[in-house]
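What follows is one structure encoded as structure tokens, with my remarks underneath.
The values are calculated or read from the model by the stated rules, or taken from the named source; none is laboratory data. Note that the structure is a prediction, hence the values are computed from the model and not measured. Cβ: placed from backbone, ideal geometry, glycine included. Neighbour counts: every protein chain shown. These accessible areas exclude ligands, DNA and RNA; they are computed on the full protein's heavy atoms, side chains included. Shrake-Rupley method; radii C 1.70, N 1.55, O 1.52, S 1.80 Å.
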Amino acid sequence: MLELIRNHSKGWLAKLILAAITIPFALFGIDQYLSGAGANVPVSKINGDEISLQEYSNTLESVRTRMQSQSEQYDPTVFDSPAFKQSILDGLIMRRLVNAETVDENFQIGDKQLSDHILKMPEFQENGQFSEAVYQKTLEQNGLTASKLESSIRNDLVVQQARDDLASLAFAPKSLAESAVQYSYQKRNASKAEIKASAFISEVNVEPKEVKAYYEKHKDKFRVPEKVKMEFVLLSAASLINGVTVTDEEVKAFYDQNLDKFQGDEQREASHILLGFGVSATDADKEQAKEKALEIEAQLKADPKRFEELAAKFSQDPGSAAKGGSLGSFGRGAMVKPFEDAVFNMEVNQISDVVESEFGYHIIRLDGVSGTSSSFDSLKPQIKAELIFQKAQIKYAELTEEFSNLVYEQSGSLQPVANKFDLTIQTTDWLSYEEGAKYFKDNTKLMDMVFSNEVLKEKRNTEAVEVSANNLIAARVAEYQPEAPKTFHDVKQGIEALLKLEQAMKLAEAKGKAAIATLNAGEQDETLEWISEVTVDRKNAQGLTEPVMDKVFKMNTTKLPAYDGFVDVNRAYVLVKVSGVSNALTEDETLKQRAQAEYEAALAQEYVAAYGKSLKAKADVEVSRQLLESPQQP
């Protein structure tokens with residue numbers, strides 16, 4: 001019972017199923033997918049009530065986003081797993097069932113309870129208080145009416161109320177709970193030894209008649225799958241690169257249009273002296289400011305060390321003048337373009353000529369450079385390669401329809417399409433379905449076509465299939481080899497090795513059980529090689545495998561040391577020793593209280609899960625496996 005509860009409380013799939021019958025979708029999930037257009041084909045029916053593909057897909061994405069934002073411990077690949085998808089559907093089904101049950105049992109949420117809940121919802125809070133403006137804006141952004149939203153939230157609260165009432169029924173006698181919690185946090189000193197089957201191979205003798213008998217009994221398992229030799233042509237964006245040209249002008253234009261993308265993290269530290277001429281300056285005003293700037297420039301060329309002095313005396317930028325003209329560090333995009341162009345083309349300690357900007361005339365000194373530069377010259381080869389491939393992709397996209405049509409229209413041969421697109425017809429070795437799928441980037445779609453009647457028996461081309469990004473293939477069968485039984489000669493060595501290993505495993509198991517009997521009698525077995533003893537608990541295996549850990553915590557430890565064993569899948573008999581047991585909760589009162597709370601929460605979750613299963617068992621539930629397992633959802 002304890003293991004079951006722990007599995008339910010710790011497993012992320014269980015948490016998903018339970019979460020799906022609480023209130024996480026009240027505002028941005030339920031109403032959105034119920035009002036969503038399209039994809040209304042049902043993925044499941046519960047007593048005639050449909051769960052649409054749209055609802056399922058939106059919930060799937062909502063849970064994925066929520067889990068990723070709340071925790072980094074989930075492997076992103078699990079989100080595409082069948083188990084994850086099934087858990088989402090199970091949650092929706094359970095939600096429907098619980099909702100129907102609350103209606104039947106007349107669960108109700110009063111207006112005041114609903115109002116109090118909405119007033120406390122963080123989505124509608126501003127400065128720690130409910131905001132009517134935020135509430136109305138949220139309704140508008142999500143295309144909802146107040147009555148529709150409140151009806152959905154009311155329904156969610158009813159479901160939550162039912163769930164909480166169920167959880168409150170969870171009960172275990174105090175002595176049982178304390179014992180279970182103590183056991184859950186217990187530590188054990190453990191070791192293991194192995195008696196490998198391979199050590200007994202030399203003692204085993206298998207008669208030819210045994211090998212033959214095994215072959216005859218399992219002949220249906222010894223078969224060579226049907227195979228084909230295939231011809232195929234490949235149209236790829238990569239093969240079109242040689243026919244693509246990109247000019248230096250195109251590269252420069254792309255660089256200029258994407259400066260933000262290429263600027264890197266380079267920072268420049270500079271100082272300046274500004275002679276401003278005002279927003280409504282006349283030509284005479286500008287000329288006067290320029291003459292003064294040229295005069296200062298001449299003084300700096302004569303003595304560059306006077307820069308801070310002259311900046312403090314003449315610069316009309318009060319923010320920097322007091323600091324000797326220093327502007328600090330900045331990256332591209334922080335300054336007006338004429339100023340930036342000058343700074344990012346200077347050497348450290350260089351003083352510029354007079355630079356005009358909308359603010360006036362600047363004399364600039366570059367004080368330092370940090371970060372990585374991303375100049376046009378350094379990036380030119382990279383940009384050119386990127387543009388070439390982009391053009392190749394565009395050309396590829398333009399040709400795919402013509403390629404596909406020609407393969408279909410001239411289905412008796414690949415030669416026409418090869419001639420049209422200057423492609424080489426390639427030939428594979430003999431390939432089974434599985435081998436072919438791997439050969440073509442794990443593409444089962446192409447192999448389904450290859451082994452279809454139209455392609456296999458009528459000798460037609462397959463349709464064009466994109467086996468990977470920017471790679472389009474059409475194939476046909478050149479030769480076919482039907483499924484056939486393997487001869488006894490082909491498999492007898494393998495069968496003999498298998499039978500020897502099975503008999504050797506029996507000898508290893510017999511020796512292991514005899515050793516356990518010896519050890520339990522208080523005697524030692526010097527032939528065993530025990531690993532160094534480790535202290536483990538249920539969360540920390542210290543390198544022990546799951547089967548060993550399972551055995552460690554199932555062994556009777558009334559008498560220590562205790563010994564037991566099992567046959568391992570790796571063809572060995574594993575002996576397990578527990579030499580000590582300690583209860584981690586005995587002295588730590590805080591840990592004891594936390595463990596007790598975990599146990600009660602797990603027990604409550606188990607009650608809720610069991611309730612959901614009981615409802616499902618009584619309901620008429622239909623599931624479209626094809627839609628559920630579809631790799632793409634709308």
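Numerical summary
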| read-out | value |
| --- | --- |
| Exposure rank, largest accessible area first [ASP80, ASP422; 1.4 Å] | ASP422, ASP80 |
| With all protein chains modelled, accessible area of LEU501 [1.4 Å, Å²] | 50 Å² |
| Extension reserve of the ALA469-GLN136 stretch, reckoned as 0.36 nm per residue once the Cα distance is removed | 115.4 nm |
| Potential extension, GLU347-SER329 segment - 0.36 nm per residue separation minus Cα distance | 5.0 nm |
| Region 382-501, accessible surface, carbon-and-sulfur percent (1.4 angstrom probe) | 46 percent |
| With every protein chain in place, region 182-223: carbon and sulfur % of accessible area (1.4 Å) | 49 percent |
| Where trypsin sites (Lys or Arg not before Pro) fall in DSSP loop in region 443-520, at most 16 other Cβ within 10 Å | LYS457, LYS459, LYS486 |
| Region 415-502, accessible area per residue, ligands and nucleic acids excluded (1.4 Å, Å²) | 59 Å² |
| Share of carbon and sulfur in the accessible heavy-atom surface of region 236-309 [1.4 Å probe, %] | 49 percent |
| For region 328-407: accessible area per residue (Å², 1.4 Å) | 53 Å² |
